[in-house]
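Below is one structure, written out as structure tokens; the observations come after it.
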């Protein structure tokens, strides 16, 4: 049963049942047993979810649009063509065998919040100071295509469109081909908004541990991602003398083990991982000729990230020498650490306080599309609690009452922006 | 250009050009650039090669037969139904991106040698003491389905037919389904032969290093193969604290590195490998929840193999504890070390001597179908030189003159058995 949302002087109320209905509807696309969700970007399931969202936009008076990298938008014009634009949203794509809330809640809560604000303004006969655009970004996850945040990076100009369209998945299919296949190679040009707000599950344990219902990511960690190939030589695992083997997976194993040691050495300030490992030819009886590692280093401190990358480069060279293989760094993707917009964080605190809550200031370690957008406009990520901190797993869960509460505060923020104008965030907020 | 084969008192001569023509014909099925061969067992390419062989059998007076595990036979009856049967052959399946000679040369040389012996006997008006069967065994490689030597193991009774038919490839397709799909789920029952001779590329450097043209594998190493799963927990590689991760690939890395140390500790007497590694969900941004390792231990010494397995079990448990994951041993396949038949090795030496060669006695470390057969009948593997010892790689090569010379000695052996009877091998041979 959904909790009642506390009263507030802010005159907008979202509809928790409508929000749940929409979450259930969108979860049908790629949803599996035990809460699992497999809705890889630009897949058939993703296309179905996009089509559902597009229909929702049309049915509710939002003008749908799709840009050349497949980012999907729904614009609600409340203030005329020259008024500021507030963009709200997240992503509908998921990890393979992931959860239902990472991304999808941010898109659905945006739909509900904007709808609630429109209805409140209409009911009160009030004029809006701004227009709203709901966004669904392409390939936030980076599961099918790398790098992650692809759609939002093209949108901000951080990535070239042609380069992004040429990225290929593990089957050799390009982003351009995948967009064509589902009919989402769009032609609309959408301007950089005046502010961006993304609601997302925390994906970490801190809100729950501190019994808070709402947070804002105020800092984002930097990330350095390597796609690295070790190149050995295929040979029979039987007769080939051990001394003559050039085993690509052996070099990979050295790096995987040492990367973990590196993180442990740094305590809480560095996260490292090898989440994906491609082995060729991957036959039980053949010494692997090639191993491709997808390596991530993450830290909130630029100097730690830089030192970790130097250490990584040393361990790659040493592992290659020890296993007698060559290596190629196939790509490097660096995302700098930074801060979210103080004015938006302050507004989040204000609307939370109006409903009797204090917000928790968090670091975000995973990437978010709002991190891309923060380079070009005021941006923030609002966080709602994740049960047991779980993310990227079928048991990922944000309770319905927490979904509703976060969506309510999102609507409150949009309502303040609509009624008071953007000066409420540009004139500064409380210190973080 | 093919060298002339030296004269011999043994009155049979193979046709090197015909042998080359057959090798070229069969290499079309699955052959790619740079000498590569991808003819996975029971694939479309394998079916094409099998159909080609079946037609060759019919065209040359061999009676084709297929048993329930898809082993393909061609019987040439020269001595009446009750006479002894000599089986000759190897396998047409290959590794992914493997070479053209591993297996295929053994089948093609068998065809050529039996044909040459039949022609020589007919030309001389001589009666044969035995019948011949050419064999093409299913799934020798173990690349698509595990374990390797599947067809010959079912044939000898070492593996149950139903169990073998239920093995599944990485896509979930069973052996039974794959046999049905290509029309090779046969019904013929073929008896255990009175002797088995397999010609194979050495796949090692010793013939070339000692400038020998011909060898016989007199001992075979034992092998212990584990399919091992580490079971961690999927989580986001960003926010999930390092201390809370249960990373299945990290445990795999520990085992891969330590297995190599174990082999190095044992010098030349132990080979270890992890040739295949399956990672789930294998997404760059998700801590791996599962890693499946295909581990091999091989040794000629049973006590070393047993000690290595104990060490492996210890390192699995330690790696799991260190990475905070669980593990499951999903299958164990053990093949004992042993010796090939002395009489057949002696006969190989006799025919080589008659053509001015001495044979090199070798260990075989990789499995061969003749190793399966050696449990139920006199068996031997003859070896021809591999350039640079390469095997399971597109550059795998046995020079045409070495192919021809090995095939000639195989024909010589069959001719002696046909004209002198099986007593030449059962009455013992020279000491090895």
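Read-outs throughout are calculated quantities, based only on the coordinates presented, and are distinct from any laboratory measurement. Just so we're clear, the structure is a prediction, and the values are computed from it rather than from any experiment. All Cβ positions, glycine included, derive from the backbone under ideal geometry; neighbour counts span all protein chains shown.
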### Task
Quick one: check the C-alpha center-to-center distance for the range B:60-80 versus the range A:67-118, whole angstrom.
68 Å
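Rounded, prolate or oblate: pick one for the range B:131-287, where a ≥ b ≥ c are the square roots of the eigenvalues of its C-alpha gyration tensor, a/c under 1.5 means rounded, and failing that, prolate if a/b is larger than b/c, else oblate.
oblate
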### Task
Output, in nm with one decimal and in ascending order, the distances from the residue A:33 label point to the matching label points of the other copies (7 Å from Cα along Cα-to-Cβ).
4.3
### Message
Taking a ≥ b ≥ c as the square roots of the Cα gyration tensor eigenvalues, with a/c under 1.5 meaning rounded and otherwise prolate when a/b beats b/c, else oblate, which class fits the range B:186-242?
### Response
oblate
### Query
Nearest-to-axis residue of chain A, judged by Cβ, for the A-to-B rotation, with distance in whole Å?
A:253, 2
### Query
Helix B:104-124 sits at what angle to the longest principal axis of chain B, using alpha carbons and giving 0 to 90 degrees rounded to 10?
10 degrees
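In nm², what is the average projected area of the convex hull enclosing the Cα atoms of the range A:48-182?
Values: hull surface 34.8 nm².
That works out to 8.7 nm².
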### Query
Taking the radius of gyration and the Kirkwood hydrodynamic radius from Cα positions alone, what is the Rg/Rh ratio for the range A:25-89, to two decimal places?
1.06
### Task
Using only the Cα atoms of the range B:96-167, build the gyration tensor, take square roots of its eigenvalues as a ≥ b ≥ c, and label the shape rounded, prolate or oblate: rounded if a/c is under 1.5, else prolate if a/b is larger than b/c, else oblate.
oblate
### Summary
The orientation-averaged projected area of the Cα convex hull of the range A:118-224, in nm², is 10.7 nm²
### Summary
Its Cα gyration tensor gives the protein assembly as shown an equivalent ellipsoid whose semi-axes in whole Å, largest first, are 67, 26, 21
### Query
Once you average over the residues of B:392-399, how many Cβ atoms of partner chains fall within 10 Å of each Cβ?
4
### Query
Can you pull the mean other chain C-beta count within 10 Å for peptide B:286-296?
4
### Query
Just the Cα atoms of chain A: what Rg and Dmax do they give in Å?
22.8, 83
### Query
Angle between the Cα long axis of helix A:302-323 and the longest principal axis of chain A, 0 to 90 degrees, nearest 10?
30 degrees
### Query
Of all DSSP beta bridges located in chain A, what percent are antiparallel, nearest 5?
70 percent
### Query
What are the extents of the Cα atoms of the range B:269-386 along their three principal axes, listed from largest to smallest and rounded to whole Å?
65, 31, 25
### Exercise: per-residue mean of other protein chain Cβ atoms within 10 Å, B:249-261
6
## Note on the structure
Between residue A:399 and residue A:306, Cβ-based FRET efficiency (R0 41 Å, step 0.05) works out to 0.55
### Helix-only CD estimate at 222 nm, as mean residue ellipticity for chain B, using -39500 (n - 2.57) per DSSP H run (n ≥ 4)
-11000 deg cm²/dmol
### Task
Using only Cα atoms, locate the centre of the range A:326-386 and the centre of the range B:213-258, then give the distance between them in Å, rounded to an integer.
37 Å
### Task
May I ask you to report, in nm to one decimal and beginning with the shortest, the distances from residue A:375 to the same position in the other copies, taking label points 7 Å along Cα-to-Cβ?
6.2
### Distances in nm from residue B:15 to the matching label points in the other copies, shortest first (labels 7 Å along Cα to Cβ)
8.5
### Query
Using the alpha carbon gyration tensor of the range B:96-137, what are the three equivalent-ellipsoid semi-axes (square root of 5 times each eigenvalue), largest first, in whole Å?
29, 10, 4
### For the range A:304-432: relative contact order, % (alpha-carbon pairs under 8 angstrom, 6 or more apart)
32 percent
### Solvent-free Debye scattering, log10 I(q)/I(0), computed from the Cα coordinates of the range B:222-335 at q = 0.17, 0.23 Å⁻¹
-0.76, -1.19
### Alpha-carbon centroid distance for the pair the range A:14-39 / the range A:155-209, whole angstrom
21 Å
### Query
Over chain A, what is the relative contact order in whole percent, taking alpha-carbon pairs under 8 Å and six or more residues apart?
23 percent
### Query
Using r as the Cβ-Cβ distance of residue A:334 and residue B:181, and R0 as 56 Å, what FRET efficiency do you calculate, to the nearest 0.05?
0.70
### Task
Could you check the simple spin-label distance between residue A:209 and residue B:20, using points 7 Å along Cα→Cβ, in nm with one decimal?
7.4 nm
### Summary
In degrees, nearest 10, the alpha-carbon axis of helix A:16-27 is tilted away from the dominant principal axis of the alpha carbons of chain A by 30 degrees
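Would you please put A:144-155, B:327-338 in order of how densely packed they are, using the mean number of other Cβ atoms within 10 angstrom per residue and starting with the highest?
The most tightly packed comes first, giving A:144-155, B:327-338.
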### Summary
Rounded to the nearest whole number, the Stokes-Einstein translational diffusion coefficient of the range B:212-274 at 25 °C and 0.890 mPa s (Kirkwood radius, C-alpha pairs) in µm²/s is 160 µm²/s
